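The values are calculated or read from the model by the stated rules, or taken from the named source; none is laboratory data. All values reported here derive from a predicted model rather than from experimental measurement. All Cβ positions, glycine included, derive from the backbone under ideal geometry; neighbour counts span all protein chains shown.
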Amino acid sequence: MKSFVMAALLLMVASVAFGQVTPIFDIQNGAYTEGSLLTPRGVVTGATGNGFFMAEAPYTEYCGIWVYSPDHTMVPGDEVQICGVYEEYYGLTEINVPAADIYGSVLKVGDLPVPMPSVVSAADIFVDPLLAEPWESCLIIIQDGMIVSALPSSYGEWFADALDGTPVMFDDYWYDDTQVAVGQCYNNATGILNYGFGNFKLEALVDGIPIVNCAVPTDEVSFGALKALYR
């Protein structure tokens, strides 16, 4: 009888918790301790085989998070309500759905437009990890021009140097790294900022990297025309 009452109480507590929304902003700002049962809600911005990234309005700093859920069926644009355990997985803030056992759940509650990426510079993200931290798991666009400086490793990670010299680390969650070549020029890059193995890296979207011609066209200008520019 006691075990039945305890189970009923736990279920009631979980039901109350699930009826509340835990702001992603608060999770990313350390308002909760690891192991807490939390219930964030937002829109899926990117999905992989073992989980997905989600974000809440206003879709700026501290508004994205990774959800570990190996059995999910979510796709970008799904509005979801999550119940899972808050963890720091080797430095990456995540909601672990299986860890919540019988209370763990991923529920689609609607459809929303995938938000526009936040505009950042390479220096905003890759100069200092403390600067990158607010953008962890967020959809961003790095608008610097970049030149590929290193081919993908066996882990699918490669580098491109921004025009200011900042090295940008990429990973191949979605982008086909077989098309990467040293010397390629990127006009910009759109993706989700991930963290793993001690590094922040941009998980570029499938069509998130516009490759452009590196050559800068030059036009012949007469000396007279050149002088006329300064009259």
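When the residues of the stretch 112-127 are narrowed to those that are within 16 Å of L163 (Cα to Cα) and touching a Phe, Trp or Tyr at 6+ places or on another chain (Cβ under 9 Å), which ends up surrounded by the most Cβ atoms within 10 Å (Cβ to Cβ)?
For the stretch 112-127, the residue satisfying everything is I125.
Testing D71 on (1) of a type outside the set (A, V, I, L, M, F, W, C); (2) closer than 23 Å to G191 by Cβ; (3) in a loop (DSSP other than H, G, I, E, B), one condition comes back false. Which one is that?
Of (1) of a type outside the set (A, V, I, L, M, F, W, C); (2) closer than 23 Å to G191 by Cβ; (3) in a loop (DSSP other than H, G, I, E, B), only one is false for D71: (2).
Taking F126 and the conditions (1) over 20 Å from P23 (Cβ atoms); (2) touching a residue at least 60 places away in the same chain (Cβ under 8 Å); (3) out of contact with any Pro (no Cβ under 7 Å at 6 or more places or on another chain), which numbered condition does it fall short on, given that it satisfies the others?
Among (1) over 20 Å from P23 (Cβ atoms); (2) touching a residue at least 60 places away in the same chain (Cβ under 8 Å); (3) out of contact with any Pro (no Cβ under 7 Å at 6 or more places or on another chain), F126 violates only (3).
Give the residue, chosen from G46, G35, G42, that is touching a residue at least 60 places away in the same chain (Cβ under 8 Å) and of a type in the set (G, A, S).
Answer to the check: G46.
Restricting attention to the stretch 166-183, and to residues there that are in contact (Cβ under 8 Å) with a residue 40 or more places away in the chain and part of a loop (DSSP other than H, G, I, E, B), which single residue is farthest from G46 (Cα to Cα)?
Per the criteria, the residue is T166.
Do we find that C138 is at pLDDT below 95 and not aliphatic (A, V, I, L, M) in this structure?
Judged against the criteria, C138 is not a match.
If you check V106 against the conditions, is it in contact with a strand residue (DSSP E or B) (Cβ under 8 Å, 6 or more places away or on another chain), more than 20 Å from G49 (Cα to Cα) and outside any loop (DSSP other than H, G, I, E, B)?
So V106 fails the test.
Right, Y195: more than 21 Å from E61 (Cβ to Cβ) and of a type in the set (S, T, Y) or not?
No: the conditions fail for Y195.
I'd like to know if the stretch 146-165 contains one or more residues that are within 15 Å of the chain's Cα centre (by Cα), crowded, with 21+ Cβ neighbours inside 10 Å and closer than 20 Å to G46 by Cβ.
no
Any residue in the stretch 95-106 that's modelled with pLDDT of 95 or more: show its pairings with residues that are among the hydroxyl-bearing types (S, T, Y) at Cβ separation under 6 Å, as long as the two are six or more apart or on different chains.
From residues that are modelled with pLDDT of 95 or more, the pairs are N96/Y68; V97/S69; V106/S69.
Of all the residues that make up the stretch 85-115, how many are farther than 22 Å from W135 by Cβ and not basic (K, R)?
15
Out of (1) farther than 26 Å from T33 by Cβ; (2) in the same structural domain as I140 (by TED's automatic domain parsing), the odd one out for D71 is which?
(2)
Would you confirm, using the coordinates I've provided, whether V85 is modelled with pLDDT of 95 or more, over 28 Å from A189 (Cβ atoms) and surrounded by 17 or more Cβ atoms within 10 Å (Cβ to Cβ)?
For V85, the condition - modelled with pLDDT of 95 or more, over 28 Å from A189 (Cβ atoms) and surrounded by 17 or more Cβ atoms within 10 Å (Cβ to Cβ) - is met.
Can you name the number of the only condition in (1) outside any helix (DSSP H, G or I); (2) within 16 Å of the chain's Cα centre (by Cα); (3) more than 22 Å from I95 (Cα to Cα) that E203 fails?
(3)
Identify the residue in the stretch 128-145 that is touching a Ser or Thr at 6+ places or on another chain (Cβ under 8 Å) and surrounded by fewer than 18 Cβ atoms within 10 Å (Cβ to Cβ) and, among all such residues, is nearest to G42 (Cα to Cα).
In this case the residue turns out to be I141.
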